[in-house]
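Working notes, beginning with the structure itself.
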Amino acid sequence: MKHGTLALILLVVAAALAHAALADAALADEAAPVSLELSPWAAFDGVERPYRFVVELRPHGADPVEVVADRRLLSFEVRPNDSRRRYRCRHPDAQRRAPESRVVTLTPGGADDGAWREWIDLRMYCTGRALRALDGGAELHVDYGWTRRTRQRWVARAPGAPWRSWTGGLEHAPLVFPLMPELGTRRLDAEDGASLVEATLSPSSARTEAGLRFRTAVRAREGSHRIYVRPDDWSFRVDGPLGVVTCRAPRGGGNNPPPDLYTRITTRRAVRHTLEATFFCPDGTFEQAGVYEIVPKLRLERSGEAWGFDAVTGRYVGAPTAVRITRGEGGYVPQIPERVPEASEAEADE
């Protein structure tokens, strides 16, 4: 057989196989017994929480469907508006196979319209460069499950159906994520909120609350200033899966520290502290895995007047920062969407 004839036969066979694979994939997509839906949190209760979404698996048809109801199976691809780069985002506790403990049966027409729902925070999946790219405005592509189904990797199936008819993964239409504004520190006891300093908390992750640290910094916005700050000058407003908690340490004395304990800060030189979260916060504040949005607060009271110089004083609120607990203490805890009243601005600034 001539080489040309053999090559032609191989080409025809390859084309037939590719066509069959595409047809099989199209049939699987068409036959998927559930659909994946993501909706902004604001559509749920009217409160703008740009990183929070409600994820839903909704059954089709009239028959019950078994699904793997697990938000850890979500993954995302961030496609920045101003770049061709792509960033993958996955849950830090992403599963290698379908966890049997998360298999539930959805019955069309049942409770909650037969759908499974939980809320997610994108900052649980996207961190570092991926989160910065998302904040700059991006298109967000969403997947649930796996690209290839197996007996251990699937997300939906009809009870009793052969495994080759199971659904291995689901896709969602791309989402548009808006450009996020840059937030800074504001001074509470100034009419215009103008601040001479930036009080910040660094993003961080920990498996459990026992390993969580708060890494704070205070630096000058411009020029240089003297400042006296110690750990108990910081407090934190924590908004997480279990609600809102205020974290603060007992205030010590020493309102007239020696002059050599004051520090000169600049835009590059900061006063930094690493603080044990469990010392500042009530027991169990970070018990559950999830994203905790933390607002750092700083109270500066020592003016340096007794020593003949001026030091920065005032009450300051920094920009919110996301902290992740990746495993938690109690295993998988469903994040059921609930309408939670927002704290008033006065409460948030306390």
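The values are calculated or read from the model by the stated rules, or taken from the named source; none is laboratory data. What you are looking at is a predicted structure, and each value in this text was computed from that prediction instead of being measured. When we count neighbours, we look across all protein chains shown, and the Cβ atoms used for this are built from the backbone with ideal geometry, even at glycine.
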Testing Gly145 on (1) over 20 Å from Arg71 (Cα atoms); (2) assigned by TED's automatic domain parsing to the domain that holds Arg85; (3) in contact with a Leu (Cβ under 6 Å, 6 or more places away or on another chain), one condition comes back false. Which one is that?
(1)
Cβ-Cβ distance below 8 Å, separation of 6 or more or different chains: which pairs start in region 113-141 with a residue that is not assigned by TED's automatic domain parsing to the domain that holds Val103 and β-branched (Val, Ile, Thr) and end on one that is surrounded by 22 or more Cβ atoms within 10 Å (Cβ to Cβ) and modelled with pLDDT under 95?
none
His172 passes all but one of the listed conditions (1) out of contact with any Leu (no Cβ under 6 Å at 6 or more places or on another chain); (2) outside the structural domain of Ser303 (by TED's automatic domain parsing); (3) in a strand (DSSP E or B); (4) not basic (Lys, Arg); the exception is number (1)
Tell me which residues, restricted to region 184-209, are assigned to a strand (DSSP E or B), crowded, with 16+ Cβ neighbours inside 10 Å and hydroxyl-bearing (Ser, Thr, Tyr).
Thr200, Ser204
Could you check how many residues of region 114-145 are surrounded by fewer than 21 Cβ atoms within 10 Å (Cβ to Cβ) and in a loop (DSSP other than H, G, I, E, B)?
4
Which ones in region 304-313 are out of contact with any helix residue (DSSP H, G or I) (no Cβ under 8 Å at 6 or more places or on another chain), in a loop (DSSP other than H, G, I, E, B) and surrounded by fewer than 16 Cβ atoms within 10 Å (Cβ to Cβ)?
Gly308, Asp310
Can you name the residue in region 272-303 that is touching a residue at least 24 places away in the same chain (Cβ under 8 Å), of a type in the set (Ser, Thr, Tyr) and over 25 Å from Ala94 (Cα atoms) and is also surrounded by the most Cβ atoms within 10 Å (Cβ to Cβ) among such residues?
Thr278
Scanning for something assigned to a loop (DSSP other than H, G, I, E, B) and among the small types (Gly, Ala, Ser), does region 212-221 turn up at least one residue?
no
